[in-house]
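For reference, the structure is listed below as structure tokens.
The values are calculated or read from the model by the stated rules, or taken from the named source; none is laboratory data. In this text, all values refer to a predicted model and were calculated from it rather than measured experimentally. Neighbour counts run over all protein chains shown; Cβ positions are idealised from the backbone, glycine included.
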Amino acid sequence: MPQQAQCHFGRRSSAAPRGNHYRTLAESPWVFRETSPFGFGENPIAAAFVGARSEFIVPGVNGASGSIFHPQSAEAHAIAHLFTITLIICAVIFAVVLGLVVYSLVRFRGREGEADPEQIAGNKKVEIVWTIIPMIIVGVLFALTVQAMQVSDPPLETKPDLVVIGHQWWWEIRYPNTGIVTANEIHIPVGKQLSIRLDTADVLHEFWVPQLTRKMTTVPLLGNHVWMEARKSGVYEGVCSEFCGTQHAWMRFQVVAEPQEQYDAWVRNQQRKAPETATVAAARRGWRLFNDMTCVNCHAIQGTPARGTAGPDLTHLASRRTLGSVIVPNTPENLRRWLADPQQVKPGVKMPNFKLTDEQVSDLVEYLGSLK
Ligand code: HEC
Ligand SMILES: [Cu+2]
């Protein structure tokens with residue numbers, strides 16, 4: 001991966017126990033860094049939540065970057081800028097108010113033997129001043145917000161370069177110009193501003209790549225758009241940022257921004273259809289299972305009769321970095337675990353447990369592994 005992909009997770013110690021459950025954070029082998037979109041460095045609260053599932057957090061896979069403080073597009077930059085200005089204005093108000101309160105407490109504190117102070121009701125001058133100042137501040141923030149919106153929002157009727165469809169709990173990605181369909185991994189050429197149309201197959205989701213885009217809700221039939229653009233190549237973390245059910249937190253995706261030639265090579269590879277008959281015997285058995293176990297009802301594989309749309313398109317599954325919306329790295333070992341019991345990897349996932357035998361799992365892994 002290019003330099004840009006920073007690692008968020010460092011190994012704590014190799015002596016930590018292996019397996020699913022770490023009782024305490026100290027036992028967890030992974031140090032949790034900068035995964036919060038706010039990028040506050042090592043984040044013990046987030047780590048406490050993730051500690052229990054920390055075997056899933058692997059550098060280089062979840063090692064995408066996602067801090068709002070390191071924007072990598074004009075759109076994200078406008079938003080980060082607005083955030084900083086708002087923060088400074090609020091900090092100044094906070095300091096002034098706090099200063100006046102402390103000053104009054106000290107300067108006008110009650111002393112022994114003192115009579116009650118003079119009682120007053122209302123002061124026109126003061127009231128005018130403290131009405132006008134906030135109005136000016138709100139006015140300035142409004143103007144700055146409109147400015148940021150102009151940069152980060154595409155015009156309503158923009159022709160989409162990419163269509164992203166939210167599903168409970170994964171993202172379908174369609175490239176209308178090239179016919180490519182993939183899942184949970186968006187490839188884009190560096191330095192090009194793309195228009196993305198957002199849709200949903202079920203409930204409201206929210207699309208957000210903190211370093212590249214604004215947040216945008218996926219509303220049925222509304223056709224919301226966002227701009228997406230990356231100034232540097234790298235892997236950027238994306239999330240669903242509107243609660244949408246059990247696995248909302250694991251409805252993630254990655255944006256892989258690469259130089260034009262690399263992107264073109266990726267496009268050519270994704271446009272290939274899968275061979276209808278596999279060459280290896282185990283893979284052939286795997287395909288037959290795929291066909292017979294009703295996998296075809298939910299998954300599509302271009303070039304075969306599999307046409308399902310309830311789950312991710314698997315035509316080039318083996319070329320993807322992760323499985324289950326970035327919950328685990330895409331390795332034969334994890335694919336095996338996924339097929340043996342998807343619920344164990346991602347509880348609540350809308351893929352049934354087929355109670356496959358070890359041998360069936362091996363054949364399926366062989367077949368799916370051939371879908372590069
Ligand atoms: C009822 C529909 C359904 C059936 C039947 C089904 N799946 Fe799935 N599958 C899904 C859904 C939905 C997901 C995405 C889960 C997620 O990430 O939340 C998925 C994910 C996967 C993934 C991971 C893909 C990725 O890009 O992350 C693989 C591999 C997979 N299924 C293989 C199979 C195989 C093999 C079968 C048959 C034994 C099968 N599926 C049957 C719905 C189904
Ligand atoms: Cu969602």
Search result, residues across the range 247-280 that are without any contact (Cβ under 8 Å) to a residue 12 or more places away in the chain and within 16 Å of ligand 1 (Cβ to nearest atom): Ala249
Scanning the range 164-181 residue by residue, those assigned to a strand (DSSP E or B) and either within 16 Å of ligand 2 (Cβ to nearest atom) or under 23 Å from Arg231 (Cβ atoms) (or both) turn out to be Val164, Ile165, Gly166, His167, Trp170, Trp171, Glu172, Ile173, Tyr175
Ala283 versus (1) more than 16 Å from ligand 1 (Cβ to nearest atom); (2) at pLDDT below 90: which is the lone unmet condition? (1)
Out of (1) in contact (Cβ under 8 Å) with a residue 24 or more places away in the chain; (2) hydrophobic (A, V, I, L, M, F, W, C); (3) farther than 30 Å from Met351 by Cβ, the one Leu87 does not meet is (1)
Could you check the range 142-159 and list, in sequence order, the residues that are modelled with pLDDT of 90 or more and of a type in the set (Val, Ile, Thr)? Thr145, Val146
Single residue of the range 203-246 satisfying the filter (touching a residue at least 60 places away in the same chain (Cβ under 8 Å), hydrophobic (A, V, I, L, M, F, W, C) and within 16 Å of ligand 1 (Cβ to nearest atom)) that is nearest to Ala310 (Cα to Cα): Cys244
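Given the options Thr315, Thr294, Thr304, Thr322, name the one that is more than 16 Å from Lys350 (Cβ to Cβ) and near ligand 1 (Cβ under 8 Å from one of its atoms). Break it down stepwise before answering.
Details: Thr315 fails: near ligand 1 (Cβ under 8 Å from one of its atoms); Thr294 fails: more than 16 Å from Lys350 (Cβ to Cβ); Thr304 fails: near ligand 1 (Cβ under 8 Å from one of its atoms).
Thr322 is the lone residue from the list that is more than 16 Å from Lys350 (Cβ to Cβ) and near ligand 1 (Cβ under 8 Å from one of its atoms).
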Within the range 182-210, the count of residues that are assigned to a strand (DSSP E or B), of a type in the set (S, T, N, Q) and more than 19 Å from Phe243 (Cβ to Cβ) comes to 2
Name the residue, out of Trp171, Trp130, that is within 16 Å of ligand 1 (Cβ to nearest atom) and either at pLDDT below 95 or of a type in the set (Phe, Trp, Tyr) (or both). Trp171
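Name the residue that is farthest from the chain's Cα centre (by Cα), counting only residues in the range 325-358 that are among the β-branched types (Val, Ile, Thr) and more than 16 Å from ligand 2 (Cβ to nearest atom).
Within the range 325-358, the first condition is being among the β-branched types (Val, Ile, Thr), and the residues that meet it are 326-328, 331, 345, 349, 357.
Among the residues that remain, those that are also more than 16 Å from ligand 2 (Cβ to nearest atom) are: 328, 331, 345, 357.
Numbers: Val328: 14, Thr331: 21, Val345: 19, Thr357: 34 Å.
Among residues in the range 325-358 that are among the β-branched types (Val, Ile, Thr) and more than 16 Å from ligand 2 (Cβ to nearest atom), the one farthest from the chain's Cα centre (by Cα) is Thr357.
In the set Val219, Val190, Val203, which member is among the β-branched types (Val, Ile, Thr), within 16 Å of ligand 2 (Cβ to nearest atom) and more than 19 Å from Cys298 (Cβ to Cβ)? Working first, answer last.
Values: Val190 fails: within 16 Å of ligand 2 (Cβ to nearest atom); Val203 fails: more than 19 Å from Cys298 (Cβ to Cβ).
None of the other options fit; the residue is Val219.
Taking the options Gly139, Gly122, name whichever one is more than 25 Å from Thr217 (Cβ to Cβ) and modelled with pLDDT of 95 or more. Give the derivation first.
On the way: Gly122 fails: modelled with pLDDT of 95 or more.
Every option except Gly139 fails the conditions.
Looking at the range 274-314, which of the residues that are touching a strand residue (DSSP E or B) at 6+ places or on another chain (Cβ under 6 Å) and not charged (D, E, K, R) is nearest to Glu172 (Cα to Cα)? So that I can check it myself, show each step before the final result.
Quick first cut of the range 274-314, residues touching a strand residue (DSSP E or B) at 6+ places or on another chain (Cβ under 6 Å) only: 300, 306-308, 312-313.
Now narrow it down to the ones that are not charged (D, E, K, R): 300, 306, 308, 312.
On the way: Ala300: 12, Ala306: 16, Gly308: 13, Pro312: 7 Å.
Step by step, filter the range 274-314, then rank; the result is Pro312.
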Just give me the residues in the range 174-189 being among the β-branched types (Val, Ile, Thr), away from ligand 1 (no atom under 16 Å from the Cβ) and modelled with pLDDT of 95 or more, in sequence order. Ile188
